[in-house]
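Just so you know, all these numbers are worked out from the coordinates, no wet-lab data involved. The structure displayed is predicted, hence computed values, not measured ones. Glycine also receives a Cβ, built like all others from the backbone with ideal geometry; neighbour counts cover every protein chain displayed.
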Amino acid sequence: MRYAIISDIHSNREALDAVLDDIGRRGAERVVCLGDVVGYGAEPGACLAEVRKRTELIVAGNHDWGAVGKVDLNFFNRSARTAAEWTAGELTEPERIFLAQLPLTLGQGGAEGFTAVHSTPDHPQEWRYILSIDEAEFQFERMAQPLCFVGHSHQPIAWQCHSGGRCSVVSREYLLMEPDRRYIVNVGSVGQPRDGDPRACYAVYDDQRREVVVHRVEYDVASAQGKILKAGLPRRLAERLASGL
Ligand code: ZN
């Protein structure tokens, strides 16, 4: 089975459409979404509709729950909070209900052979980031499955953990998994990359070949920026799409 794994779309319809077209061309059989469908960008409803239509599995992100009152917005920075409040006013009641009922984690039962979560497999509701080897090691010790896909930092990266507990960073673009190791893979962000590359980012996981390939896709950044400004959202949210930072 080939899974396309997308995360952190953030109401960026141009980026989402470009990624879904790319996924269609590559022929992945299932699409998994790791959350933050909404927040920051100008088209929450359109993105949510498209994600619901195209994905098999969706977990909640902090911005999804922030827009429906399930995450305290005092934990958000100023522009994130402004965008969350704006998004809350845009969502319809059925959209609110849908976002509120999303699970925090999928795959812990083992059906898919991997765990899908927005933040961390351990205590996902705390919305912590995995940015360092130490943070990855802490999560590896608590993982139910040998493979976990995460989003949240908007930076594609993969960590591996050897049977002896030693962890390291592996390639950010291509990963061939060894049978006796465990992996945490951050698939980057579709709608607001923060690794210095403004192109939309997602990953394809092939469970037969045991490989993960990160793909980058050009999209119409200027159009997404124009909609953010027109909606009256913070200018910084438009500007950062061009730099990918
Ligand atoms: Zn996010």
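Using 0.36 nm per residue and subtracting the Cα-Cα separation, the extra length available between Met1 and Arg25 on full extension is 7.1 nm. Here the spin labels are modelled as points 7 Å beyond Cα on the Cα-Cβ line, and at Ile133 and Ala49 they lie 4.9 nm apart. Between the amide H of Gly61 and those of Asp36, Val37, distances stay under 5 Å, these residues lying 5 or more places away or on another chain, with hydrogens modeled in the peptide plane. Each Cα pair under 8 Å and six or more residues apart adds its sequence gap; the mean of these over the residue count of the chain is a relative contact order of 23 percent.
Counted without the sites themselves, the longest stretch of the chain free of GluC sites (Glu not before Pro) in a DSSP loop having at most 16 other beta carbon atoms within 10 Å is 57-140. Helical runs (DSSP H, four residues minimum) scored at -39500 (n - 2.57) apiece and divided by the length of the chain put the mean residue ellipticity at 222 nm at -9500 deg cm²/dmol. Hey, in the GNM for the chain with a 10 angstrom Cα cutoff, which one of Ser153, Ser119, Ser79 fluctuates hardest? Highest fluctuation of the listed residues: Ser79. On the beta carbon distance between Asp220 and Glu93, with R0 = 30 Å, the FRET formula returns roughly 0.45. With respect to the chain, whose longest principal axis is taken over its alpha-carbon atoms, helix 13-26 is tilted by about 40°. Roughly what % antiparallel, to the nearest 5, for the DSSP beta bridges in the chain? Percent antiparallel among DSSP bridges in the chain is about 70.
Neighbours of Asp206, meaning other residues whose beta-carbon lies under 12 angstrom from its beta-carbon, give a summed charge of +2 when Lys and Arg score +1 and Asp and Glu score -1. Taking a ≥ b ≥ c as the square roots of the eigenvalues of the Cα gyration tensor, an a/c ratio below 1.5 marks segment 113-161 as rounded. In this structure, the amide hydrogen of Thr115, modeled 1.01 Å from its nitrogen in the peptide plane, lies closer than 5 angstrom to those of Leu147, Cys148, Phe149, counting only residues at least 5 positions away or on a different chain. Given a Förster distance of 41 angstrom, what is the FRET efficiency for Arg78 paired with Asp197, based on the Cβ-Cβ distance and rounded to 0.05? In this case the efficiency is close to 0.95. With one equal scatterer per alpha carbon and no solvent term, the Debye-computed log10 I(q)/I(0) for segment 152-194 at 0.14, 0.16, 0.21 1/Å reads -0.35, -0.44, -0.67. Charge dipole of the chain (Cα centre as origin; +1 on each Lys and Arg Cβ, -1 on each Asp and Glu Cβ, all else neutral): 280 debye, rounded to the nearest 20. The amide H of Tyr202, built 1.01 Å from its N in the peptide plane, has His215 as neighbours under 5 Å, considering only residues 5 or more places off or on other chains. Within the listed set Asp64, Asp72, Asp17, the residue fluctuating most in the Gaussian network model of the chain (springs between alpha-carbon atoms under 10 angstrom) is Asp72. Computed 3J(HN,Hα) for segment 213-227, one whole-Hz value per residue from the Karplus formula 6.51 cos²θ - 1.76 cosθ + 1.60 where θ = phi - 60°, is 10, 8, 10, 10, 10, 5, 8, 7, 4, 4, 5, 4, 5, x, 5, glycine and proline marked x. What is the local net charge at Gln145, summed over the other residues whose Cβ is closer than 15 Å to its Cβ (Lys, Arg +1; Asp, Glu -1)? Overall, the nearby charge balance is -1. Length, then width, then depth: along the principal axes, the Cα atoms of segment 2-243 run 52, 37, 30 Å. Rounded to 0.05, the FRET efficiency of the Gln101 and Arg166 pair, given R0 = 45 Å and the Cβ-Cβ distance, is 0.70. Based on alpha-carbon centroids, what's the gap between segment 199-226 and segment 102-168 in Å, whole number please? If we compute the Cα centre of each part, the gap is 20 Å.
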